[in-house]
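First up is the structure itself, then whatever we jot down about it.
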């Protein structure tokens with residue numbers, strides 16, 4: 001009961017203050033302010049601020065104008081970090097992997113003969129064929145192309161240097177066509193030959209007519225790019241290295257590469273929305289705290305003081321009615 005009376009008196013005091021404010025405004029005269037079988041281009045890589053910060057409610061205040069709001073600092077730092085992450089993830093250790101600009105459609109799963117061996121390793125590099133075969137199956141699931149990886153250091157029993165094969169392309173072209181026609185003989189297949197002469201290496205591709213619908217020139221360059229990246233970073237596990245090459249290649253060529261600025265732009269938009277919500281919430285919380293403090297202060301006043309203020313408010317209201325200019 002006492003609290004209800006107090007709340008009623010509080011409302012009267014507030015109303016009286018409003019009447020007095022109205023008289024002052026009116027007396028002062030103020031106013032209201034209103035593809036085919038082919039051998040692609042060869043790419044190679046050799047082995048060898050000042051003021052004391054005060055916290056009030058949920059808003060940050062500073063002792064001067066030059067201190068930055070912590071949220072601003074966080075915002076800038078977040079954008080810089082996000083940008084660096086995107087750039088670092090998209091920049092290989094050895095040159096840039098070409099962007100995928102074509103929307104490709106995987107071949108039918110029945111287009112290729114999966115009985116063709118996926119690995120021919122004459123140099124004993126692959127110590128875990130199962131790991132590589134899983135990667136090649138993953139490549140097939142994404143692209144519809146079965147792949148055979150052929151690793152050698154000779155052509156029909158004859159050793160050549162990589163430089164000599166580059167100068168006389170007829171040697172490697174005829175050999176790859178022979179292997180493709182006799183061991184594979186399927187237009188939905190791709191032969192990847194890695195030739196190593198002990199000092200240098202090179203990669204050659206022979207792609208069937210159907211497979212070329214997916215493995216176009218751009219896709220070939222992407223595969224070669226990943227080969228160079230992972231070869232340079234490889235230490236001792238060749239099976240893992242080749243597996244990453246085919247997995248990364250299939251992921252990239254089967255989707256259009258987004259421009260680098262897409263992710264930072266999305267982050268900026270999300271942060272702007274978050275910042276707007278954050279500042280709205282802090283202002284609302286600050287206003288609620290202020291109103292709670294005012295109500296608590298008035299309720300803490302002695303009852304006699306509240307009664308006097310109520311009488312004064314009633315008198316002011318009566319005078320206002322008697323002097324009503326309307």
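The values are calculated or read from the model by the stated rules, or taken from the named source; none is laboratory data. On a predicted model such as this, the values are computed, not experimentally measured, just so you know. Note: ideal-geometry Cβ built from the backbone for every residue, glycine included; neighbour counts use all protein chains shown.
Some observations on this one:
Conditions (1) at pLDDT below 80; (2) surrounded by 12 or more Cβ atoms within 10 Å (Cβ to Cβ); (3) in a helix (DSSP H, G or I), marked per residue:
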residue	(1), (2), (3)
268	yes, yes, yes
276	yes, no, yes
282	no, yes, yes
293	no, no, yes
298	yes, yes, yes
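- When the stretch 201-211 is filtered for residues that are buried (at least 16 other Cβ atoms within 10 Å of the Cβ) and out of contact with any strand residue (DSSP E or B) (no Cβ under 7 Å at 6 or more places or on another chain), only 210 remains.
- Looking at 177, 193, 165, just one residue is assigned to a strand (DSSP E or B) and within 22 Å of residue 122 (Cα to Cα), and that residue is 193.
- Just one of (1) under 18 Å from residue 116 (Cα atoms); (2) surrounded by 20 or more Cβ atoms within 10 Å (Cβ to Cβ); (3) out of contact with any helix residue (DSSP H, G or I) (no Cβ under 7 Å at 6 or more places or on another chain) fails for residue 178. It is (2).
- Index of the failed condition, residue 245 passing every other in (1) at pLDDT below 95; (2) surrounded by 20 or more Cβ atoms within 10 Å (Cβ to Cβ): (1)
- Any hit, the stretch 200-211, residues being in contact with a helix residue (DSSP H, G or I) (Cβ under 9 Å, 6 or more places away or on another chain) and in a helix (DSSP H, G or I): yes
- Sole residue being under 30 Å from residue 258 (Cβ atoms) and exposed (fewer than 13 other Cβ atoms within 10 Å of the Cβ), chosen from 105, 158: 105
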